[in-house]
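Asker: Let me give you the structure first, and then I'll get to my questions.
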Amino acid sequence: MTLTTSPALASQLRLPADLRLTPDQFALVCAENRESVLELTAGGRVLLMTPTGSETGSRSGELFFQLKLFAQHQGRWKAFDSSTGFLLPDGSVLSPDASLVRLDRWQALSPEQRRGFAPLCPDLVVELASPSDEGPRGLTALRRKMDAYQANGARLAWLLLPDEQAVEVWSANAEPQRLEPSLVLEASAEFPGLQLQLAEIWAG
């Protein structure tokens with residue numbers, strides 16, 4: 001395994017190159033490295049996520065703000081930000097930039113499951129690309145994540161491409177579709193009333 005690190009964090013988190021972790025072991029590593037943002041692949045590899053740039057961080061905040069408002073208005077959804085890890089059916093632990101989970105699915109979890117990595121794939125996942133980035137936040141890595149969300153049961157996934165003002169739409173059991181240029185993004189009928197005001201996200 002090649003552990004992706006940043007210079008600032010390399011001295012804080014060191015793992016053997018061939019290390020493979022179970023989700024429970026990964027949770028222990030996260031508990032001991034709360035300053036680090038980590039993900040776990042289905043094969044047990046640990047990925048260290050580098051911090052985003054300020055512009056991407058601002059866009060991510062606007063993205064979550066819009067999903068949170070939608071969830072509060074509708075009352076049937078739970079919104080999650082980029083710091084949330086989900087334990088997917090394939091054993092990976094991934095953290096979308098923003099996500100929605102149907103409220104009844106969230107309420108069906110035990111208190112212990114809610115405190116840890118919720119064992120489910122969100123109904124909607126959104127990733128925000130920074131094409132100039134390398135490693136886990138690059139476009140190639142994000143598209144692999146989109147594949148994983150789709151394979152693990154996400155009903156809808158959006159990959160936002162700010163530099164191109166375009167969106168890749170990953171629906172369940174369908175090939176990705178590209179929409180451009182996009183200023184307002186409407187969800188499928190499974191998410192009635194959900195829209196993203198992309199112009200506000202693109203603005204950064």
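The values are calculated or read from the model by the stated rules, or taken from the named source; none is laboratory data. A quick note: this is a predicted structure, and the numbers were derived from the prediction, not measured. Methodologically, a virtual Cβ is constructed for each residue, glycine included, from the backbone with ideal geometry; neighbour enumeration extends over all protein chains shown.
Asker: Any idea how many residues of the stretch 59-89 are within 24 Å of residue 162 (Cβ to Cβ) and either β-branched (Val, Ile, Thr) or part of a helix (DSSP H, G or I) (or both)?
Answerer: Summing the residues that are within 24 Å of residue 162 (Cβ to Cβ) and either β-branched (Val, Ile, Thr) or part of a helix (DSSP H, G or I) (or both) in the stretch 59-89 gives 14.
Asker: Between 96, 192, which is under 26 Å from residue 54 (Cβ atoms), outside any strand (DSSP E or B) and not hydrophobic (A, V, I, L, M, F, W, C)?
Answerer: Values: 192 fails: under 26 Å from residue 54 (Cβ atoms).
Selected residue: 96, the only one of 96, 192 that is under 26 Å from residue 54 (Cβ atoms), outside any strand (DSSP E or B) and not hydrophobic (A, V, I, L, M, F, W, C).
Asker: Something else: When residue 76 is evaluated against the numbered criteria (1) surrounded by 15 or more Cβ atoms within 10 Å (Cβ to Cβ); (2) within 23 Å of residue 171 (Cα to Cα); (3) in contact with a helix residue (DSSP H, G or I) (Cβ under 7 Å, 6 or more places away or on another chain), which criterion, by number, is the only one it fails?
Answerer: In the conditions (1) surrounded by 15 or more Cβ atoms within 10 Å (Cβ to Cβ); (2) within 23 Å of residue 171 (Cα to Cα); (3) in contact with a helix residue (DSSP H, G or I) (Cβ under 7 Å, 6 or more places away or on another chain), residue 76 misses (1) alone.
Asker: Exactly one condition in (1) closer than 24 Å to residue 109 by Cβ; (2) touching a strand residue (DSSP E or B) at 6+ places or on another chain (Cβ under 9 Å) is false for residue 31; which is it?
Answerer: Of (1) closer than 24 Å to residue 109 by Cβ; (2) touching a strand residue (DSSP E or B) at 6+ places or on another chain (Cβ under 9 Å), only one is false for residue 31: (2).
Asker: Separate question: Would you check if there is a residue in the stretch 137-157 being within 18 Å of residue 39 (Cβ to Cβ), part of a loop (DSSP other than H, G, I, E, B) and modelled with pLDDT under 95?
Answerer: Checked the stretch 137-157: at least one residue is within 18 Å of residue 39 (Cβ to Cβ), part of a loop (DSSP other than H, G, I, E, B) and modelled with pLDDT under 95.
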